[in-house]
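To start, the structure under review is shown below, and the notes come after it.
The values are calculated or read from the model by the stated rules, or taken from the named source; none is laboratory data. No experiment lies behind these values; they were computed from the predicted model shown. Cβ placement follows ideal geometry from the backbone for every residue including glycine, while neighbour counts extend to all protein chains displayed. Surface accessibility is based on the protein's heavy atoms, side chains included, excluding ligands, DNA and RNA. Shrake-Rupley method; radii C 1.70, N 1.55, O 1.52, S 1.80 Å.
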Amino acid sequence: MSKSKLEYIWLDGYKPTQSLRSKTKIVDDFSGKLEDAPMWSFDGSSTEQAPGGASDCLLKPVAVYPDPARADGWLVMTEVLTSDEKPHPSNGRAMIDDPDDDFWFGFEQEYFLWDTETDKPLGFPANGYPAPQGPYYCSVGAKNAFGREIVDEHLDLCLEAGLNVEGINAEVAAGQWEFQIFAKGAASAGDQIWVARYLLERTAEKYGVSINWHCKPLGELDWNGSGMHANFSNTLTRTAKSKATIEKVCEAFRPVVKEHIAVYGADNDKRLTGKHETASIHDFSYGVSDRGASIRIPVYTVSHGWSGYLEDRRPNSAADPYKVAARIIKTVKPVKA
Ligand code: ADP
Ligand code: MN
Ligand code: MN
Ligand code: MN
């Protein structure tokens, strides 16, 4: 008999930004199958998810991945239910209305590796600033690339866990990086982003480095913020063969700017300034290959005869991918050719 270590991962109830929580459950000879991962519970009064007098919240497993860093370890992504087995208000996954997984999502997760001693990005001197932005994007060499050891270890863990990472790159600011994850199905894309975030936090922890998910951690200085561009498609956009249809999908976003911004991550007004490859939070625009637009129509979509995907550039690095996907689906699903 072997003692399997199941790491149950969930999102707490903190506002406006939820954090990852996890705890280990020991199970005899776990099969690795989702249906064999039992429901579990936790003290919701410690995570702002329940009052102390009725503190139990439930953890319902939704996806299981092998945990490459632990012998007989498993990563169990869960969603939070109230004690009467209803989706908890903090549960963004339950808001996704796409039972047939028609929506595909590719999220580009940006983040900063953060030095806990200087309280600045890796690569920043304790006093002052490094050379201005320019050499850091997709850089190589100790002068410009900071923390590759962590980033590479994280990538290997993600791949060994079976997450569909499509690539990584050093980003525009010093100490800033990105990974991309794609899935056919919004819930799965969300699960995989959250598990990848979990693995990143845990990997960096070993090095005494933290992850800064804030969308504008260097404030108003001339340094890029962090986004989580949401690339999405459904049968309509993938088979549109029509500029008018693709533009109709873009136009569907115009009347619901507020509703989208509400779930696109905290403090986004500090990031969506119209500078640093962003559109102003007050505007709505779209355009082919336009990295200054709210929604970019990738050249792929145009060159495939106006069929393919769109990129909403507004979601930020700290947004909940479940809520972002749920909102995009709500806007796009009713659009017909
Ligand atoms: P960029 O940095 O130029 O914006 P990336 O290569 O970082 O682009 O990310 C593009 C993302 O688009 C990838 O995550 C990819 O999976 C995603 N993508 C490609 N095709 C589709 C599609 N049909 N539906 C949804 N997402 C897609
Ligand atoms: Mn990218
Ligand atoms: Mn990027
Ligand atoms: Mn992008």
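Some observations on this one:
- D97 within 25 Å of the chain's Cα centre (by Cα) and either in a loop (DSSP other than H, G, I, E, B) or within 16 Å of ligand 4 (Cβ to nearest atom) (or both): yes
- Subset of the range 306-335 (residues that are more than 22 Å from E110 (Cβ to Cβ) and open to solvent by 30 Å² or more (accessible area, probe 1.4 Å)): W306, K330, K333, P334
- Odd one out for T82, checked against (1) in the same structural domain as P16 (by TED's automatic domain parsing); (2) in contact with a helix residue (DSSP H, G or I) (Cβ under 6 Å, 6 or more places away or on another chain): (2)
- Note on the range 169-197: residues that are in a strand (DSSP E or B) and either buried (at least 23 other Cβ atoms within 10 Å of the Cβ) or within 15 Å of ligand 2 (Cβ to nearest atom) (or both) total 9.
- So T82, is it of a type in the set (S, T, N, Q), under 24 Å from D12 (Cβ atoms), open to solvent by 20 Å² or more (accessible area, probe 1.4 Å) and touching a residue at least 60 places away in the same chain (Cβ under 8 Å): no
- Matching option when the condition is within 16 Å of ligand 3 (Cβ to nearest atom), under 21 Å from the mean Cα position of the chain (by Cα) and assigned by TED's automatic domain parsing to the domain that holds G208, among A183, A174: A174
- Checklist (1) within 23 Å of Y322 (Cβ to Cβ); (2) out of contact with any Pro (no Cβ under 7 Å at 6 or more places or on another chain); (3) among the hydroxyl-bearing types (S, T, Y) applied to S55, failing item: (1)
- Of the residues making up the range 157-168, at least one is open to solvent by 10 Å² or more (accessible area, probe 1.4 Å), under 25 Å from P132 (Cα atoms) and within 15 Å of ligand 1 (Cβ to nearest atom).
For every residue, the table says whether it meets (1) of a type in the set (G, A, S); (2) in contact (Cβ under 8 Å) with a residue 40 or more places away in the chain.
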residue	(1), (2)
K184	no, yes
S188	yes, yes
E205	no, no
W213	no, yes
L218	no, yes
N234	no, yes
A240	yes, yes
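- Hits in the range 19-59 (condition: among the charged types (D, E, K, R) and closer than 26 Å to I211 by Cβ): R21, K23, K25, D43, E48
- Single residue of the range 220-239 satisfying the filter (assigned to a loop (DSSP other than H, G, I, E, B) and open to solvent by less than 30 Å² (accessible area, probe 1.4 Å)) that is farthest from ligand 2 (Cβ to nearest atom): N234
- Scanning the range 1-38 for residues that are touching a Phe, Trp or Tyr at 6+ places or on another chain (Cβ under 8 Å) and in a loop (DSSP other than H, G, I, E, B) gives T17, F30, G32, A37.
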